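Below: one structure, written as structure tokens.
The values are calculated or read from the model by the stated rules, or taken from the named source; none is laboratory data. In this text, all values refer to a predicted model and were calculated from it rather than measured experimentally. When we count neighbours, we look across all protein chains shown, and the Cβ atoms used for this are built from the backbone with ideal geometry, even at glycine. Side chains included, ligands, DNA and RNA excluded: accessible areas come from the protein's heavy atoms. Shrake-Rupley method; radii C 1.70, N 1.55, O 1.52, S 1.80 Å.
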Amino acid sequence: MCYNRGVEFIAHKGEDSVYKKFLIWPLIVVASLLPVGISQGASKTNITNVRVVTRNDADTPFVRTVLDVTGPVQPRFAIDKSGYNIVVTIPNTNLSRSINPRPQVNQNVISRLELGNKGPHAEVRIRVPKAVNTKDLKVFTLDGNARQKISNRVVIDVNDKSGKVQQWSHWHDSKDSISKPFSESIKKDFKGRKPFAGPGRGDMIWPVKGVITSPFGYRIHPIYGRQILHSGMDIGVDYGTPVKAAMGGVVVEADWISGYGNAVVIDHGNGMTTLYGHNERLNVITGQTVKQGDIIAYAGSTGNSTGPHVHFEIRVNGEAVDPALYL
Ligand SMILES: [Zn+2]
């Protein structure tokens, strides 16, 4: 193969003298211009969409701003001198004109959210009560997935103004998992509860060791007064705790899932799947085969969560069941 290519090259080289005069010079001029044009166009990341998730009860007010960006970015944030403005700067990034620069927000938490361009950077300004400090803030990025048409994202979380964010006060907004935050009194019932071994078959292992901060099951919502299902079990752990596959199987989902944040779903066959939600980062990809105990993710607080924990869910033929029965 190499020999053939060499021959072709030599054969053409003999005819080059004509092209040199008429073709090569224009090419050099174009080539010298191109890198400038490319670098200016490609180096600037665009913000193409903004979503604001707000929580309207005053219990633990929360506002999450998600920016879709066209490439990886490194945002930084600070509270300005006045103490009233969180300023998130996204270097070398441009806010698309189609974006509403003043989206609606939850007035319990922040009074104004403004997006704009400042020189070469995009800037997000969030007006907050003075009591909000950097502990109430979390700014992080999420990788995109071109194949699944998921863009890179910047996430800006502003939590309750008291800064007393409770790790068990999370909720889910996906269609089939409608757990809502519990009242303080109900939360207390589960605070500090130790993991228990259910009357299980012993064929699953705990994905993490930790305290159950919210068990599976129906609860009467303290505000709405109706029964709602918490479709999994919440296990409180530190950021970065390795999350293990409860059972061997095939990863059928390893991506951002609305409400669950960075999540992994494993299909174990026989209609049984497990889900591990709110991870900081994932350690597997869709389609991968995993053994029981393999590290599939590292715990975090992504999705609708206000503190690090693993939301562990087991489904049998699509129906959520109590994980405690299988552990
Ligand atoms: Zn949960």
| Search result, residues across the range 73-124 that are of a type in the set (Gly, Ala, Ser), open to solvent by 20 Å² or more (accessible area, probe 1.4 Å) and not in a strand (DSSP E or B) | SER82, SER96, SER98, SER111, GLY119
| Residue identified as within 18 Å of the chain's Cα centre (by Cα), at pLDDT 90 or above and among the β-branched types (Val, Ile, Thr) among VAL252, VAL264 | VAL264
| note | Within the range 203-219, residues surrounded by fewer than 21 Cβ atoms within 10 Å (Cβ to Cβ) and farther than 22 Å from ILE295 by Cα come out as PRO215, GLY217, TYR218, ARG219
| message | Exactly one condition in (1) more than 24 Å from ASP143 (Cα to Cα); (2) touching a residue at least 60 places away in the same chain (Cβ under 8 Å); (3) surrounded by fewer than 18 Cβ atoms within 10 Å (Cβ to Cβ) is false for GLY232; which is it? | response | (3)
| said: I'd like the full set of residues that are at pLDDT 90 or above and over 21 Å from the mean Cα position of the chain (by Cα), limited to the range 103-118. | reply: GLU114, GLY116, ASN117, LYS118
| message | Please go through the range 207-230 and give me each residue that is touching a helix residue (DSSP H, G or I) at 6+ places or on another chain (Cβ under 8 Å) and either within 13 Å of the ligand (Cβ to nearest atom) or modelled with pLDDT of 85 or more (or both), ordered by number. | response | ILE212, THR213, SER214, PRO215, PHE216, ARG219
